[in-house]
Amino acid sequence: MNTDKTYTVKGVTGDWEIVVGLEVHAQVISNAKLFSGASAAFGAEPNANVSLVDAAMPGMLPVINGECVRQAVRTGLALGAQINKWSRFDRKNYFYADLPQGYQISQFQFPIVGEGEVVVDLGEGRTKTVGIERLHLEQDAGKSLHDQHPDATYVDLNRSGVALMEIVSKPDMRSPEEAGAYVRKLRTILRYIGSCDGNMEEGSMRADVNVSVRKSGDPLGTRCEIKNVNSMRFVMQAIEYEARRQVDIIEDGGMIKQETRLFDPNKGETRSMRSKEEAHDYRYFPDPDLLPLEFDDAFMTDAKASLPELPDAKKIRFTESLGLSGYNASVLVAEKENADYFEALLAEIVKATGKGEREVAKQAANWVISDLFGHLNKSGAAISDSPVSPAGGAELLKLITDGVISGRIAKDVFEIMYETGKSAAAIVEEKGLQQVSDTGEIEALIDQIIAGNPGQVAAYRGGKDKLFGFFVGQVMKATGGKANPQVVNKLLRKKL
Amino acid sequence: MTDLTRLTIAGARDGLKKGDFSARELTSAHIAELEAARALNAYIVETPDQALRMADKADQRLKEGDAPGLCGIPLAIKDLFCTEGVLSTAGSHILNGFRPRYESTVTANLWRDGAVMLGKVNMDEFAMGSSNEHSHYGPVKNPWRAKGSDQDLVPGGSSGGSAASVAAHIAMGATGTDTGGSIRQPAALTGIVGMKPTYGRCSRWGVVAFASSLDHPGPFGRTVRDTAIMLGSMAGYDAKDSTSVNRPVPDYEAGLGKGVKGMKIGVPKEYRTDGMPEEIDALWQKGIDWLRDQGAEIVVVSLPHTKYALPAYYIVAPAEASSNLARYDGVRYGLREKVDGGGLDDMYEATRAAGFGDEVKRRILIGTYVLSAGYYDAYYLKAQKVRTLIANDFHSVFKKVDALLTPTAPNAAFPLGDKLDDPLAMYFNDVFTVPANLAGVPAISVPAGLTGDGLPLGLQVIGKAFDEETVFTVGQAIEDAADFTAKPEAWWRD
């Protein structure tokens with residue numbers, strides 16, 4: 001199913017369609033860098049993670065890190081993309097202080113991963129398929145620090161040589177929303193398979209955004225590339241601003257110059273960085289220090305076997321096998337940690353109650369999404385920090401299923417669990433919150449209430465059915481909410 | 001020359017094992033000789049203290065009976081090899097004061113086997129040159145002079161300091177690197193043996209890169225046996241060099257002495273170039289006769305793409321160099337030229353302008369040009385295709401013959417300054433050596449005779465990839481027959 005809403009930029013000459021393609025740079029999760037043994041960890045002291053190769057000392061040579069290759073292949077497989085068993089590293093030559101070699105080792109002509117696609121969720125059941133053009137491996141550069149000294153620039157090479165995957169989409173997106181959803185989905189997939197942590201604040205994922213505008217049906221317009229956009233919100237803002245800018249220029253009789261632009265998040269606008277004429281001639285050529293990258297079917301098979309269930313497949317299973325709603329399934333699969341928690345919870349419930357997954361899945365999903373997520377959001381905690389474990393959650397839900405507490409009481413119990421970390425059973429026991437299902441006790445209470453409210457009894461019996469709720473409320477009030485509602489209903493009907 | 005400096009590596013090794021003299025004595029003799037030979041300008045850095053320490057350690061190992069083949073043998077190291085704590089400049093001002101904190105794999109292998117470092121020897125800057133005149137540290141002089149002349153001659157290049165030091169007996173052997181002939185051509189011009197092994201045999205790790213796909217570390221010695229001993233130590237798989245080849249290294253020395261009887265030796269007709277001096281042609285013919293006389297079958301063969309080798313080389317090598325030398329930017333090590341009020345680009349320009357010599361700049365410009373958008377296909381890509389054709393030429397000819405015999409260089413040593421203003425004439429010195437680099441196959445230069453002026457000439461033997469043994473065997477057959485015993489007069493001693 002494709003999106004049915006068409007996004008346009010309104011101009012004086014009519015509606016403009018926008019065309020967006022993204023190059024997402026995703027830092028590979030690996031212990032070491034792409035071509036050296038130095039640590040790829042984030043947050044170390046400046047220049048703590050720099051090998052002789054990363055600093056481009058004379059005579060140093062790159063040696064490919066097989067784990068980075070495996071991660072790229074896994075990512076390619078997760079994107080349903082073609083895997084190239086033969087690929088090649090090229091040098092991209094340019095001078096910059098934080099590029100010690102004077103070239104970046106990248107893959108220009110023969111990338112490790114070819115075409116694939118990503119199905120993007122747009123909400124309300126709408127989806128969009130975005131094509132992947134290619135994925136290649138390349139080295140990250142270091143970082144220039146201009147604010148450490150009044151008239152010198154410092155260079156931190158910790159990132160120098162860290163492995164990046166550049167994932168290039170086809171120009172398939174037609175709205176800021178689609179671009180944002182694409183980045184979100186890509187991030188979900190990478191995090192699922194553990195090939196990138198997707199942490200945009202730390203820069204482990206960032207996007208170059210290509211934007212052009214055209215009248216519907218026209219050929220592609222001239223595009224501008226907005227470099228290094230580092231949040232999903234900024235991606236959408238940059239596209240919106242840039243499309244408007246381009247439409248205004250064209251409608252004023254101007255031409256779009258192909259150029260590289262920067263997004264200024266403070267002003268919410270893009271500005272020119274360098275024109276096509278100023279663009280570097282990177283003088284790509286095959287890196288003679290490296291052999292072509294080749295691997296066999298066994299390597300691919302192993303990489304494939306190491307993939308977890310992917311979000312799309314998981315969503316289908318959640319709806320089809322577990323009977324969840326599409327919305328709930330989408331929410332649960334969006335983050336692997338959430339899906340993992342849900343599945344662990346489900347397993348605990350099945351273990352505790354002996355019931356089938358499908359019987360308990362809806363209740364579990366509702367509890368995770370409304371109760372657990374609600375509390376986590378309120379306290380700003382990640383699911384990995386949840387004070388209530390899946391087993392703890394299962395225990396609570398079992399108390400409801402077994403009729404020990406009502407759903408209403410369960411919310412209070414959960415609140416205490418969340419605060420104190422105590423188990424549900426202990427809290428129920430301690431506070432005496434067990435549901436009253438003893439028919440004798442409830443019957444006695446009902447008798448008292450009927451006796452004490454003759455007017456209402458008469459009115460009910462005279463046909464005012466709505467008053468039934470009044471009696472239920474009275475019983476609940478008398479039992480502090482602990483009376484089993486089913487038992488109350490049954491007895492009340494009998495007595496009235 | 002003393003009795004000790006007259007020895008070959010093999011001879012010295014035997015003497016050390018027998019206890020005829022100590023490693024300290026052998027090293028001291030060489031230190032004294034090299035200090036008396038500074039007129040040659042062969043050494044950029046002399047490391048006598050370190051040499052004696054290493055010699056003492058060698059003596060200890062000899063005493064303990066743990067003495068590998070090179071134990072106590074004093075060597076000169078081309079300044080392209082990074083040596084831990086010792087100035088390593090690649091003959092360039094841009095590596096001013098650079099002392100690496102690491103040791104190249106090849107030199108580490110030599111030290112593992114007990115060899116002693118006398119110092120770092122001069123070379124054309126970044127190994128670019130065929131005369132050793134393109135060094136920041138000044139030209140090296142060839143120990144040889146024409147009969148009755150006191151004109152200074154070039155030792156060849158780029159490993160001119162390596163060749164001169166071995167020829168002048170101020171080192172028993174030397175390391176070199178050969179990107180287009182930089183071991184074989186100077187060996188020929190100084191009357192010694194120089195071996196370029198198969199690409200991938202000797203690790204490039206820790207060797208300052210010129211053109212990565214063409215750079216071959218290799219040995220110099222005064223005999224084929226000595227180079228075989230040295231290569232046995234230098235060679236070997238190195239996981240730190242992705243182009244290193246994981247194959248066992250044969251005992252090259254043990255493989256010597258088999259003789260060429262029954263071998264097929266190819267004589268490539270394309271190597272007979274126009275304007276080749278008569279003397280060189282005659283020497284080549286002599287070599288052919290020697291091998292035939294020793295029982296080899298001589299076959300005239302064709303390597304049809306030979307004439308494209310030099311032009312292809314002078315595209316591929318500068319292209320790689322232009323990229324390899326980008327790291328010398330003044331940011332992290334070596335020279336930094338600051339410009340008052342200038343920015344990063346100004347520092348790059350000033351540093352690289354001051355740090356690189358003219359020949360290096362020329363090749364960076366050529367390399368940058370041939371890789372540029374719009375020219376890449378016409379130059380670089382075409383040259384790579386030519387390279388494939390040249391490799392195929394060798395591949396098919398080695399189905400028919402065991403080795404090839406050619407001259408090493410188109411001329412003997414020439415006067416300093418003679419070709420300095422004519423880069424093409426200089427580049428032409430590599431015409432016979434470059435094809436083996438493009439194909440990565442092993443080749444050796446063996447001294448085979450003298451010109452009428454009394455200057456040495458070499459013959460080149462080229463073999464199949466990873467068949468250094470046959471190359472050594474044929475080289476030794478030439479060596480035996482040539483009986484090259486001439487030595488330069490020690491005019492350089494003061």
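Points to keep in mind about this one:
- Only residues that are in contact with a Gly (Cβ under 8 Å, 6 or more places away or on another chain) and of a type outside the set (A, V, I, L, M) were counted in the range B:303-329, giving 8.
- Screening A:V235, A:V213, A:V247 for residues that are under 30 Å from A:V333 (Cβ atoms), assigned by TED's automatic domain parsing to the domain that holds A:L77 and not charged (D, E, K, R) leaves exactly one candidate, A:V235.
- Condition check for A:I405: of a type in the set (A, V, I, L, M) and in a loop (DSSP other than H, G, I, E, B): yes
- Output for the range A:99-122, where each listed residue is of a type outside the set (F, W, Y) and facing chain B (nearest Cβ under 9 Å): A:L99, A:P100, A:Q101, A:G102
- Every residue from the range A:20-75 that is under 30 Å from B:A127 (Cα atoms), more than 10 Å from chain B (Cβ to nearest Cβ) and either charged (D, E, K, R) or in contact with a helix residue (DSSP H, G or I) (Cβ under 6 Å, 6 or more places away or on another chain) (or both): A:L34, A:D54
- Residue within the range A:164-178 that is among the hydrophobic types (A, V, I, L, M, F, W, C), touching a helix residue (DSSP H, G or I) at 6+ places or on another chain (Cβ under 7 Å), outside any loop (DSSP other than H, G, I, E, B) and over 30 Å from A:Y341 (Cβ atoms) present: yes
- Residue list for the range B:300-331, restricted to those being basic (K, R) and buried (at least 16 other Cβ atoms within 10 Å of the Cβ): B:R327
- When the range B:1-31 is filtered for residues that are among the hydrophobic types (A, V, I, L, M, F, W, C) and free of Cβ contacts under 8 Å to residues at least 24 places away in the same chain, only B:F21 remains.
- Residues of the range B:311-332 that are at the interface with another protein chain (Cβ under 7 Å from one of its Cβ atoms), part of a helix (DSSP H, G or I) and in contact with a Lys or Arg (Cβ under 8 Å, 6 or more places away or on another chain): B:S323 alone.
- Strands (runs of 3 or more DSSP E) contained in the range A:62-150 and holding at least 1 residues polar (S, T, N, Q): A:90-93, A:103-106, A:126-139, A:143-149
- Restricting attention to the range B:418-434, the residues being aliphatic (A, V, I, L, M), farther than 15 Å from B:A127 by Cα and in contact (Cβ under 8 Å) with a residue 40 or more places away in the chain number 2.
- Checking each residue in the range A:329-354 for being part of a loop (DSSP other than H, G, I, E, B), free of Cβ contacts under 8 Å to residues at least 40 places away in the same chain and at negative phi picks out no residue at all.
- All positions within the range A:267-292 that are more than 10 Å from chain B (Cβ to nearest Cβ) and either modelled with pLDDT of 95 or more or assigned to a helix (DSSP H, G or I) (or both): A:P292
- When each of A:G161, A:G203, A:G198 is tested for being crowded, with 24+ Cβ neighbours inside 10 Å and closer than 25 Å to A:Q104 by Cα, the lone residue that passes is A:G161.
- Meets criteria (assigned to a loop (DSSP other than H, G, I, E, B) and within 20 Å of B:G15 (Cα to Cα)) for B:D66: yes
- Unique match (being farther than 28 Å from B:E278 by Cβ, of a type in the set (V, I, T), more than 16 Å from the chain's Cα centre (by Cα) and at pLDDT 95 or above) among B:T470, B:T451, B:T485: B:T470
- Test: A:E430 is exposed (fewer than 12 other Cβ atoms within 10 Å of the Cβ) and free of Cβ contacts under 8 Å to residues at least 60 places away in the same chain: yes
- Of residues in the range B:260-285 being among the acidic types (D, E) and within 25 Å of the chain's Cα centre (by Cα), the one surrounded by the fewest Cβ atoms within 10 Å (Cβ to Cβ): B:D281
- Qualifying positions in the range B:196-214 - on the phi < 0 side of the Ramachandran plot and within 9 Å of chain A (Cβ to nearest Cβ): B:S203, B:R204, B:W205, B:V207, B:V208, B:A209, B:A211, B:S212, B:S213, B:L214
The values are calculated or read from the model by the stated rules, or taken from the named source; none is laboratory data. Because the structure is predicted, anything quoted here is derived from the model rather than measured. Quick reminder, even Gly has a Cβ in these numbers, built from the backbone with ideal geometry, and neighbours come from all protein chains shown.
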